[in-house]
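> Here it is, the structure, as structure tokens.
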Amino acid sequence: MFAAERRQLILEMVRANGAVSLRELARVVQTSEVTVRRDVRALEAEGLLDRRHGGAVLPGGFTRESGFPQKSLSATAEKTAIADLAAALVEEGEAIVVGAGTTTQELARRLARVPGLTVVTNSLLVAQALAHANRVEVVMTGGTLRGSNYALVGSGAEQSLQGLRVSRAFLSGSGLTAERGLSTSNMLSASVDRALVQAAAEVVVLADHTKLGTDTMFQTVPTDVITHLVTDEPPAHDERAATELQALADQGVQIAVAGAGAAAPRPEVPLPGQRRTRAGLRSAAGTLAPEPLPDRPARVADLRRR
């Protein structure tokens, strides 16, 4: 086990239990107490935990990462709307990567209807959502299972992504700011997400408004690498989210808002139930938008808040 993986496991144990002895840490990570003591000292130097005689504890004011049950019940309507809009970016026969998360799980449920699609993922939840999609090929990374979010992480996951090239990466995270980009609270998850980004020509971030303006420990995608952001309409009183959206748009991120009013721009991509033709995007009402040029991806209009 690499030092980074070992230290992440130590962090997760301390977060889950509040305090853990060196003996217990050594047993779980399968190494000596001397090595664990050195890891704990390094993590304390980074401010991630506090050392105590014979063990390690949570530092003052440190918040624990939410588990899957809590995340799955948070902003469910918003995640559904975001997934609906993000699915419109995916075309028949495309190859994409999809990261772990409850929002990307919702996206995967909608991708099951896209014929000829190839989805590379490190998420067991994404793979499960696509397991019975006859026309979708699912490719899973290797790696170590992280039970809190049902994702494969570690060196095995990262190595399996080397040499891969796809059109788009769809990622979620714990926070998104214009200054730092997408971030997450887990070191191993962040490392795999960065590998997913390296494999893609474009990066699509799925983030509901509660994550806008929130910054967490580990950066996964810098702002200048994010091509699209698919989010939901922030409440009128949420000035932080509105300010962050404007700042992201000013830095060139193309933003699509699910559930926005009629004045908000609409993405020039097919929505569920529409079909793409040579003349443009069509539904029962006729042509909705011009077809993008063959050598350019479909554009999601910038959201400009004044």
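> Based on this model, can you work out whether THR104 counts as within 11 Å of the chain's Cα centre (by Cα) and closer than 23 Å to LYS211 by Cβ? Please lay out each step first, then the result.
Details: within 11 Å of the chain's Cα centre (by Cα): yes; closer than 23 Å to LYS211 by Cβ: yes.
So THR104 fits the description; yes.
> Next question, about the same structure. Quick one: is ILE82 open to solvent by less than 20 Å² (accessible area, probe 1.4 Å), part of a strand (DSSP E or B) and touching a residue at least 40 places away in the same chain (Cβ under 8 Å)? Break it down into steps so the answer makes sense when it comes.
Numbers: open to solvent by less than 20 Å² (accessible area, probe 1.4 Å): yes; part of a strand (DSSP E or B): no; touching a residue at least 40 places away in the same chain (Cβ under 8 Å): yes.
It is false that ILE82 is open to solvent by less than 20 Å² (accessible area, probe 1.4 Å), part of a strand (DSSP E or B) and touching a residue at least 40 places away in the same chain (Cβ under 8 Å).
> Would you pick out the residues in the stretch 96-125 that are open to solvent by 10 Å² or more (accessible area, probe 1.4 Å) and part of a loop (DSSP other than H, G, I, E, B)? Please lay out each step first, then the result.
Step one: filter the stretch 96-125 for residues open to solvent by 10 Å² or more (accessible area, probe 1.4 Å), giving 100-102, 105-106, 109-110, 112-116, 118, 120, 124-125.
ALA100, GLY101, ALA112, ARG113, VAL114, PRO115, GLY116 - these are the residues of the stretch 96-125 that are open to solvent by 10 Å² or more (accessible area, probe 1.4 Å) and part of a loop (DSSP other than H, G, I, E, B).
> Within the stretch 161-172, identify whether any single residue is under 11 Å from the mean Cα position of the chain (by Cα), closer than 24 Å to GLU46 by Cα, of a type outside the set (Ser, Thr, Tyr) and not in a loop (DSSP other than H, G, I, E, B), and answer yes or no. Show your work before the answer.
Of the residues in the stretch 161-172, the ones under 11 Å from the mean Cα position of the chain (by Cα) are 169-172.
Imposing the further condition that a residue be closer than 24 Å to GLU46 by Cα reduces the set to none.
No; the residues of the stretch 161-172 include none that is under 11 Å from the mean Cα position of the chain (by Cα), closer than 24 Å to GLU46 by Cα, of a type outside the set (Ser, Thr, Tyr) and not in a loop (DSSP other than H, G, I, E, B).
> Would you be able to tell me the number of residues in the stretch 44-79 that are modelled with pLDDT of 80 or more, part of a loop (DSSP other than H, G, I, E, B) and surrounded by 18 or more Cβ atoms within 10 Å (Cβ to Cβ)?
2
> Follow-up question, since we're still on this one. Which condition from (1) open to solvent by less than 70 Å² (accessible area, probe 1.4 Å); (2) over 30 Å from ASP232 (Cβ atoms); (3) modelled with pLDDT under 85; (4) aliphatic (A, V, I, L, M) is the one that MET1 breaks?
For MET1, the failing item is (1).
> Next question, about the same structure. Scan the stretch 178-198 for residues that are open to solvent by 10 Å² or more (accessible area, probe 1.4 Å) and touching a Leu at 6+ places or on another chain (Cβ under 8 Å) and report the count.
5
> How many of the residues in the stretch 253-270 are over 15 Å from ILE82 (Cα atoms) and either modelled with pLDDT of 95 or more or touching a His at 6+ places or on another chain (Cβ under 9 Å) (or both)?
Result for the stretch 253-270: 1.
> Collect the residues in the stretch 14-42 that are hydrophobic (A, V, I, L, M, F, W, C), open to solvent by 30 Å² or more (accessible area, probe 1.4 Å) and within 16 Å of GLY54 (Cβ to Cβ), keeping them in residue-number order.
Correct list: ALA19, VAL28, VAL34.
To keep it simple, each residue is scored yes or no on (1) open to solvent by less than 20 Å² (accessible area, probe 1.4 Å); (2) under 16 Å from the mean Cα position of the chain (by Cα).
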| position | (1), (2) |
| --- | --- |
| ALA127 | yes, yes |
| ALA133 | yes, no |
| GLY142 | no, no |
| LEU145 | no, no |
| TYR150 | no, yes |
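> Considering only the stretch 189-244, give the strands (runs of 3 or more DSSP E) lying wholly within it that have at least 2 residues that are among the small types (Gly, Ala, Ser). Break it down into steps so the answer makes sense when it comes.
Numbers: elements: 200-206, 218-221, 228-232.
In the stretch 189-244, the matching strands (runs of 3 or more DSSP E) lie at 200-206.
> Please go through the stretch 152-177 and give me each residue that is of a type in the set (S, T, N, Q), open to solvent by 20 Å² or more (accessible area, probe 1.4 Å) and in contact (Cβ under 8 Å) with a residue 40 or more places away in the chain, ordered by number. Spell out how you get there, then give the answer.
Step one: of the stretch 152-177, the residues of a type in the set (S, T, N, Q) are 155, 159-160, 162, 167, 172, 174, 177.
Next cut, open to solvent by 20 Å² or more (accessible area, probe 1.4 Å) only: 155, 159-160, 162, 167, 174.
The answer is SER155, SER167, SER174.
The values are calculated or read from the model by the stated rules, or taken from the named source; none is laboratory data. Remember, it's a predicted structure, so these values are computed and weren't measured experimentally. So basically every Cβ, Gly included, is an ideal-geometry build from the backbone, and we count neighbours across all protein chains shown. Only protein heavy atoms, including side chains, enter the accessible area calculation; ligands, DNA and RNA are left aside. Shrake-Rupley method; radii C 1.70, N 1.55, O 1.52, S 1.80 Å.
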